[in-house]
Structure formats: structure tokens, C-alpha cells
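Read the structure below first, then the notes.
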Amino acid sequence: MAKPASPRSRQRRRMENFRKVRSEEAPVGSGDEGGGPGSGPFADLAPGAVHMRVKEGSKIRNLLAFATASMAQPATRAIVFSGCGRATTKTVTCAEILKRRLAGLHQVTRLRYRSVREVWQSLPPEPTPGQKPGKPAASLSVLKNVPSLAILLSKDSLDPRQPGYQPPNPHPGPSSQPAAPTSKRSLGEPAAGEGSAKRSQPEPGAAEEDQTA
């Protein structure tokens, strides 16, 4: 006797007939990261702070180019990288690379959950000969809670007692001095120039033959 399908498997079969149209953040009250510098998990940011929204399709190279240029200005004292869902990995990567480029940055990390609304649309059935146009596609809205990560990097000192604080890294990056060249020759092989110097010296037997001649 076959076992009854679980609710998750039944839901998966039902969603096979739908395709995701768009994904948007659900509107929330206080605590949303959109808006001015006073919003989000860091309510006491300086007015000139830069907010970088990292998305799943964002290019790390483009994000870091803008972030590095912004933090190079003396008026910019802090920057925030924020991303949710699959973009959290890129958010961490951007923050770590910027910390290596600019020494002395204080860091505070905030992890929360955000509501994301996915809109799905039903797939049209395969047309058959003589079939009349069917009804318009039905839509389905799914609300999900996804992890959201926000990382604050500041040139100024921050309160070390707050959760998620990390002091500046004393060694921001690897040394830029080139490594000493390593020799690839084997132990029994002479170094460059040794063989030619030895070959240029006359052999003892050849010298004696020249003198007797």
C-alpha cells in the first residue's frame, strides 16, 4: 500500500504548474532599511553615510568600485552593505574586501529576517486543436521570511559593547612585497653559469699535449 503524500510534496506538485513572475519586499512599518540614513538597524548613522543595497544579480566589482571611491572622500565616515536572501554571501564578501583595502574600519553586523512576497502565475495548458481560449492565468502570492544582513563599516570609533561589533583588523591585507624567486633546478644540476665556466677551463691533459707539440 502506497504511503500518502506529505503536505510538502503536494505543495511542490501544485507549484510545478506555476512560474515566478516577480519578487518584492513586503512593506513593513518601523525597522525597514529603506529611506534615509536614520532608518534600518543603524538608527544613529551620520548624515553622509553611504548605503549599498546588494542584490543577487549585483556585480561585486561595480559595488566595490563605488564603495571605495565614496570612502576615499573625507566627508564620508561610514558605509552600510545590506542584502537579504541569496545576496547575503555577496554582502559579506563586499565588506571583507573593503576592510582589506581600507585599514582601521570599525564593523557592526546586524542579522534580521525580512518578509518577501513572491508572485506566481499559473502556466497556460497546452493548446489542443479546436480548443477555445481558456481563462486568464491565475496568480498566487507567497509570503516568505528570509534572512537579512546589514554590515556597518565606520572610520570613527563605535561602541564596542554593542552586539556584533568587530574592532579594526591590525593586518588589513597581505604584504605587497614580491616573494623571493625560488630555484626550480634539481640538487645535482649546476647553477646557471657554472657549467660554462667549467667548460671554459682547459683540461690538464690537453695542456700537456700542447706543450709537447
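Placing pseudo-labels 7 Å out from each Cα toward the beta carbon at residue 101 and residue 21 gives an inter-label distance of 3.9 nm. Each of 113, 165 has its accessible area taken with a 1.4 Å probe; listed largest first, they run 113, 165.
For the pair residue 117 and residue 72, a Förster radius of 30 Å applied to the C-beta separation gives a FRET efficiency near 0.20, rounded to the nearest 0.05. Charge tally for residue 101 (other residues, Cβ to Cβ under 14 Å; Lys, Arg +1; Asp, Glu -1): +3. Using a probe of 1.4 Å on the protein chains alone, the accessible area found for residue 25 is around 90 Å². Accessible surface for residue 66 stands near 110 Å², nearest 10, in the context of the full protein assembly shown (1.4 Å probe).
Sorting 123, 153 by accessible area puts them as 123, 153; the probe is 1.4 Å, largest comes first, and only protein heavy atoms count.
Surface composition of region 43-115: carbon plus sulfur atoms contribute 55% of the solvent-accessible area (1.4 Å probe, protein chains only, all chains present).
Within the full protein context, the accessible area of residue 20 is estimated at about 110 Å² for a probe radius of 1.4 Å.
The values are calculated or read from the model by the stated rules, or taken from the named source; none is laboratory data. Owing to the predicted nature of the structure, the values given are computational and were not obtained by experimental measurement. Ideal geometry is used to build each Cβ from the backbone, glycine not excepted, and the neighbour counts take in all protein chains shown. Ligands, DNA and RNA are stripped out before the accessible areas are found, and what is left, the full protein with its side chains, is counted by its heavy atoms. Shrake-Rupley method; radii C 1.70, N 1.55, O 1.52, S 1.80 Å.
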